[in-house]
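Here's the structure we're looking at; comments come further down.
The values are calculated or read from the model by the stated rules, or taken from the named source; none is laboratory data. Model, not experiment: these values are computed from the prediction. When we count neighbours, we look across all protein chains shown, and the Cβ atoms used for this are built from the backbone with ideal geometry, even at glycine. Side chains included, ligands, DNA and RNA excluded: accessible areas come from the protein's heavy atoms. Shrake-Rupley method; radii C 1.70, N 1.55, O 1.52, S 1.80 Å.
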Amino acid sequence: MVTIEEISLPQAAPAAELWAAVAAQTGDWLRRRGLSPRDAVMLVPYAALLGPARDALAAAGGWMPRVETALTLAASLGPPVAAEAGQCSGDTTADRLHAAALLRRLPWGAAWESRDPAGFGRIVASVVDAAQALREAALAQPPQARAGWWTDVRTQAGGGSAAAAVEALLLRVAIEWAAAGAAAASDRLFDLRPAAWIALRLGGPDALAESLLAQGCAPALRLRADPPDELPYAHAALAPGVERIRCDDFEAEAQATAATVIDALQAGRAPVALVVLDRELVRRVRALLERERVPLLDETGWLLATTRAAARLLARLRAALP
């Protein structure tokens with residue numbers, strides 16, 4: 001069994017203190033193991049963390065590991081892997097167009113669209129959501145283990161009651177569609193042989209990074225800036241006035257965000273600022289808040305007006321890109 005060393009970092013610490021600890025612990029671990037820092041790779045979960053991580057390691061002096069996200073590292077190792085026509089690619093706009101075309105080719109799908117166009121749009125969205133989640137999970141598996149992983153997925157999806165027959169049918173479509181297109185530039189990461197893998201866990205586990213650490217091709221270190229798994233996430237107090245809320249999916253996150261804003265306003269804490277990292281999420285939060293008549297000032301701008309017609313136009317513009 002592969003042993004991944006783990007070091008806990010200060011939780012809810014100021015940014016300068018956190019990054020200083022990242023640099024110090026990384027340097028100490030590499031020296032203790034007798035590993036070459038310049039041949040090691042550190043993976044951070046988000047591209048926005050590349051700058052702070054590199055600055056902290058540079059300030060510590062000496063050779064520093066290569067600092068990347070899994071996706072930026074994969075992109076640096078070769079050209080992008082183009083999805084074949086009609087495959088699930090991870091791009092929601094293109095995938096919805098392809099999924100709709102796929103379902104229309106099935107007799108029951110074409111009949112569904114004729115009978116209930118709105119309902120057909122909902123099942124297209126459901127198939128895309130399921131296929132993208134499956135594809136992302138599959139790409140986190142080593143390529144040589146992926147065939148067995150898909151076999152397990154098909155086996156687990158085989159059961160179910162008669163009442164869930166429609167959901168089971170849609171899930172089987174999503175599985176086969178995702179399995180046909182489960183290849184990406186990240187596959188080349190499993191052939192990389194650095195002196196060491198170092199992964200910063202901040203904001204939950206990264207399945208791809210964890211898989212790279214676990215494959216055992218090099219010494220592995222996990223720097224944990226999150227609370228231990230056994231501690232409750234929901235409203236876990238990290239520092240005075242700071243809370244962390246763990247959500248299971250996109251809709252739960254949007255509703256939790258909107259509820260938190262409303263609770264703050266009702267308690268007299270105004271104005272409330274939202275940091276926008278995901279435009280799709282903030283559009284949903286905005287819709288929920290507008291439903292409750294909460295006044296909003298959006299300083300980030302919109303790609304197009306969020307009407308159904310504008311959304312369709314934007315989808316076609318994206319799909320038209322070469």
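What does the highest-first list of 56-68, 145-157 look like by mean Cβ count within 10 Å? Could the numbers behind the result be given before it?
Working: 56-68: 17.2, 145-157: 13.2.
Highest mean packing first, the order is 56-68, 145-157.
Ordered by packing density, taken as the mean number of other Cβ atoms within 10 Å over each peptide's residues, highest first, how do 74-81, 219-226 rank? Write down the numbers at each step before the final one.
Working: 74-81: 12.0, 219-226: 19.8.
Taking the mean over residues of other Cβ atoms within 10 Å, the ranking is 219-226, 74-81.
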With x for Gly and Pro, the residue-by-residue ³J(HN,Hα) of the range 44-59, computed from phi through the Karplus equation 6.51 cos²θ - 1.76 cosθ + 1.60 at θ = phi - 60° and given in whole Hz, is 10, x, 9, 4, 5, 8, 4, x, x, 5, 5, 4, 5, 5, 5, 5
Overall form of the range 98-150 per C-alpha gyration tensor (a/c, 1.5; a/b vs b/c):
prolate
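Find, among the chymotrypsin sites (Phe, Trp or Tyr not before Pro) in the range 97-127, those assigned to loop by DSSP (not H, G, I, E, B) with at most 13 other beta-carbon atoms within 10 angstrom.
Working: sites: Trp108, Trp112, Phe120; in loops: none.
Sites meeting the loop and neighbour criteria: none at all.
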For the range 82-172, what does the alpha-carbon gyration tensor say about shape, rounded, prolate or oblate, given a ≥ b ≥ c as the root eigenvalues, a/c under 1.5 as rounded, and a/b over b/c as prolate?
oblate
Show that you can apply the helix-only estimate: for the chain, add -39,500 (n - 2.57) for every DSSP H stretch of four or more residues, divide by all residues, and state [θ] at 222 nm to the nearest 500.
-15500 deg cm²/dmol
Using a simple charge model, +1 on the beta-carbon of Lys and Arg, -1 on the beta-carbon of Asp and Glu, nothing else, what dipole does the chain show about its Cα centre, in debye to the nearest 20?
660 debye
On the protein heavy atoms, probe 1.4 angstrom, tell me the percent of accessible surface of the chain carried by carbon and sulfur.
56 percent
Burial ranking of peptide ranges 187-195, 282-290 (average Cβ count within 10 Å, highest at the top):
282-290, 187-195
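How many Å² of accessible area per residue for the chain, probe 1.4 Å?
Per-residue accessible area for the chain comes out at 58 Å².
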Which semi-axes, in whole Å and largest first, does the equivalent ellipsoid of the range 7-65 have when worked out from the alpha carbon gyration tensor as the square roots of 5 times its eigenvalues?
18, 13, 10
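Looking at the calculated P(r) for the range 44-99, what percent of the C-alpha pair distances fall above 19 Å?
Working: 801 of 1540 pairs.
Distances greater than 19 Å cover 52 percent of the Cα pairs.
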Non-local amide H neighbours of Glu6 (under 5 Å, H modeled in plane, Pro and chain starts lacking H): which ones?
Arg222
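In terms of the ratio Rg/(2.2 N^0.38 Å) built on C-alpha atoms, what value belongs to the chain? Please list the in-between numbers first.
Values: Rg = 22.5 Å, N = 322, 2.2 N^0.38 = 19.7 Å.
Dividing the Cα radius of gyration by 2.2 N^0.38 Å gives 1.14.
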